[in-house]
Amino acid sequence: MKKKKLLLKIIIIIPLFFIVFITSLYLYAKTRPKLPIKAANQYYIYDKDGTILETSTDSWTTLDDISPYLIKATLSIEDKNFYKHHGFDLLRIIKSLYINAKNKDNIQGASTITQQLAKNLFLSFDKTWERKLKEAWLTIELETQYSKDEILEVYLNTINYGGVYGIEKASNYYFNKKAKDLTLAEAAILAGIPKAPTKLSPILNYDEAKKRQATILAAMVKNDYITEQDMDIAYNTKLNFYGKLSKNDNTLMYYQDAVLNELKSIKSIPNSFLKTGGLKIYTYLDPNAQQILSNAIINNELDPEIEIAAIMMDPNNGHIIALTGGRDYNKSEFNRAINAKRQVGSTIKPFLYYAALENGFTASSTFTSEKTTFVFSEDKTYSPKNYADNYANKEISMATAISYSDNIYAVKTHLFLGEDTLVNMLKRVGIKSKVEPIPSLALGSEEISLLEMMQAYATFANLGNKVNGKLIKKVEDMNGNVLYENKDKTETVLNKSLAYIINELLTSTTNYNFIDYSYPTCYDITSKLTHKYAIKTGTTDTDHLIFGYNKDIVIGIWSGFDDNRKSNVVDGKNIKFIWADMAEAYMQDKTDEWYTLPNNVVGVLVDPITGTLATNETKNSTIFYYLKGTEPTIDLIKKDELINTIKIEE
């Protein structure tokens, strides 16, 4: 009997305690300072001159100016009990737990609109228990401090509609109309996007968006918002998508995405908008450079399906002044400039040759360029080929190997130095991607991001100082308090004189004097160039890359197919012309100043192919640069004689 009474007390006390506890939480939340909920996703992005580029709140609209269809569609699919619950839909939570347990997968969520808004008050979306508890508490605060209409208004003005935030901006983007003028069919399409903004964008994935539209229309019928006839008419209505932003340059959206991505990595920025009231983000974006980048892509013919990524950087400090992660943000939001890693091909070779210069090579050092099979322990072999299977079948200088991008010369150099040498060299210039000490590393077989390669090339462009690529100059809260300010940090990692020599060697890719048994890799754009540049291209079966620079600018471009289809020669040629257009347009009004010759470097007139001293009979004599004391006299040391650790089968 006593046990029954005790059990009865427990049954009564526990729920009573729970009710008192929850009631106390809500009462306490109501007494707290009112949350500035319009700060959700509130940020302003500025270019280098302080001109505003983007604000997340420039299209704020009230509930009265939003189509009732959109509101009802959103409630039907996101939170049908929104006006009945107090922040948490307990029945929906229980139902989702049952369905997920039954299917052994997290296939159904139970977040209410208030919970989703609480989540949007944070910069990032980590899934820790601490974060979940914070979101739950914010949900309670929102429910006690604001009316349902106020919560819904903020939600609709800050939610992500496929890279476009807020219903007014989304309505303009997808249908070129105001949110209050959306039809039932249009509203049902837009209401479906927030669940999976990229997957359910009607421009990117029309079929998936239509499936979601059908689900939403059916939910609206079930909730007595529309009739079945309305549903059928709306579903069968043909929709015309506008798909344009207020700005003409769709590549600019990639820059802004990269800025927000970098923002999340800055530890001094509070993880909640509530602590800052929103953010003012000042960037290094040069609008002129961004337009130059965009125009160069538009004005050169590309395969309609091929993608492209490009970065323009100031090599002296790592400031990224222009960037695109694709050809058209409307078609693909994936930012290939910062998020993709691809094989970099022959663009890795300058770092190999710098290491060679440190180890006693010179611009005149020779190897024989011929079909070669390298044999290693356990009879493993490696048979690299030159482009188009074209070989000199004679000794060639390092400068010629760079001009033609000779693969045999590169692999011989790599193996002679030891495969770890290039790995260590890449680490020195800031490459963080994992690269293996394998023979094919000399030909760029490992995957590295475009941004990493840009930082590495900037080390050559500023004569040996490693920089960190940065888009953000400064971040302030809405009261003007500085939360973060970039301090340009450089670290000297290369010898200035050897960097100068590499820079001169990379001008050989556009130098007609190197035309012999083949052509310099960039000879086809030489006529377009009015300034002096160091340039290197790279090609794999699927990718094309080009990096080039002078004292003022580094420009890097990648092109290829997202599905790794093979690309062709025309694709590779096109990005060279894009690069030339970008470089020349940027340098148009700038003085053509090349690097100053270091005191310990000397220029000598030589035969460009053999690297031997020029004579009266030498055609196309060219100046090569050397550390004093290493310049050629009469005979050159032939590195082929030293490569006795490598067995070669002809």
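Please verify whether Lys341 is closer than 30 Å to Tyr206 by Cα and either modelled with pLDDT of 95 or more or more than 20 Å from the chain's Cα centre (by Cα) (or both), treating the condition exactly as stated.
In short, yes.
Kindly provide the set of residues from the range 421-452 that are more than 15 Å from Tyr354 (Cβ to Cβ) and assigned to a helix (DSSP H, G or I), ordered by number.
Matches in the range 421-452: Pro439, Ser440, Leu443, Leu450, Leu451, Glu452.
For (1) outside the structural domain of Ile113 (by TED's automatic domain parsing); (2) more than 24 Å from Thr112 (Cβ to Cβ); (3) modelled with pLDDT under 95, each residue gets a yes or a no:
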residue	(1), (2), (3)
Tyr173	no, yes, yes
Ala179	no, no, no
Thr183	no, yes, no
Ala196	no, no, yes
Ile203	no, yes, yes
Tyr206	no, yes, yes
Met220	no, no, no
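Rundown of residues vs (1) of a type in the set (Asp, Glu); (2) within 30 Å of Leu451 (Cβ to Cβ), yes/no style:
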| site | (1), (2) |
| --- | --- |
| Ile338 | no, yes |
| Arg342 | no, yes |
| Thr347 | no, yes |
| Phe351 | no, yes |
| Phe361 | no, yes |
| Thr366 | no, no |
| Asp379 | yes, no |
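Residue check, Ser171 against (1) of a type in the set (S, T, N, Q); (2) buried (at least 22 other Cβ atoms within 10 Å of the Cβ); (3) outside any helix (DSSP H, G or I), all met but one. Which one?
(3)
Filter the range 543-562 for residues that are under 16 Å from the mean Cα position of the chain (by Cα) and part of a strand (DSSP E or B); which is farthest from His531 (Cα to Cα)? Talk me through it step by step, then tell me what you get.
Of the range 543-562, the ones under 16 Å from the mean Cα position of the chain (by Cα) are 545, 555-562.
When the remaining residues are screened for being part of a strand (DSSP E or B), the result is 545, 555-560.
On the way: Leu545: 21, Ile555: 14, Gly556: 17, Ile557: 19, Trp558: 22, Ser559: 24, Gly560: 28 Å.
For the range 543-562, the residue satisfying everything is Gly560.
Let's see how each residue does on (1) surrounded by 24 or more Cβ atoms within 10 Å (Cβ to Cβ); (2) under 27 Å from Leu443 (Cβ atoms); (3) out of contact with any helix residue (DSSP H, G or I) (no Cβ under 7 Å at 6 or more places or on another chain):
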| position | (1), (2), (3) |
| --- | --- |
| Lys466 | no, yes, no |
| Asn486 | no, no, yes |
| Ser518 | no, yes, no |
| Leu529 | no, yes, no |
| Gly556 | yes, yes, no |
| Phe561 | no, yes, yes |
| Asn564 | no, yes, yes |
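Among the candidates Lys222, Lys178, Lys267, single out the residue that is out of contact with any Leu (no Cβ under 8 Å at 6 or more places or on another chain) and under 22 Å from Asp65 (Cα atoms). Give the steps one after another, and end with the answer.
On the way: Lys222 fails: under 22 Å from Asp65 (Cα atoms); Lys267 fails: under 22 Å from Asp65 (Cα atoms).
Only one candidate passes the filter, namely Lys178.
Mind checking which residues of the range 566-591 are surrounded by 17 or more Cβ atoms within 10 Å (Cβ to Cβ) and either of a type in the set (D, E, K, R) or in a strand (DSSP E or B) (or both)?
Asp571, Lys576, Asp581, Glu584, listed by residue number.
Considering only residues of the range 25-82 that are of a type in the set (Gly, Ala, Ser) and modelled with pLDDT of 75 or more, which is nearest to Lys264 (Cα to Cα)?
First, pick out the residues of the range 25-82 that are of a type in the set (Gly, Ala, Ser): 29, 39-40, 50, 56, 59, 67, 73, 76.
Imposing the further condition that a residue be modelled with pLDDT of 75 or more reduces the set to 50, 59, 67, 73, 76.
Numbers: Gly50: 21, Ser59: 24, Ser67: 34, Ala73: 32, Ser76: 33 Å.
Looking at residues that are of a type in the set (Gly, Ala, Ser) and modelled with pLDDT of 75 or more, I get Gly50.
I'd like the residue in the range 517-542 that is of a type in the set (S, T, N, Q) and in a strand (DSSP E or B) and, out of all such residues, is modelled with the lowest pLDDT.
Initially, the range 517-542 is screened for residues of a type in the set (S, T, N, Q), giving 518, 521, 526-527, 530, 537, 539-540, 542.
Of the ones still in play, those that are also in a strand (DSSP E or B) are 537, 539.
Numbers: Thr537: 97, Thr539: 94.
Going through the qualifying residues, I end up with Thr539.
The values are calculated or read from the model by the stated rules, or taken from the named source; none is laboratory data. These numbers were taken from a predicted model, which means no experiment stands behind them. For neighbour counting, all protein chains shown are included, and Cβ atoms are generated from backbone atoms with ideal geometry for every residue, glycine included.
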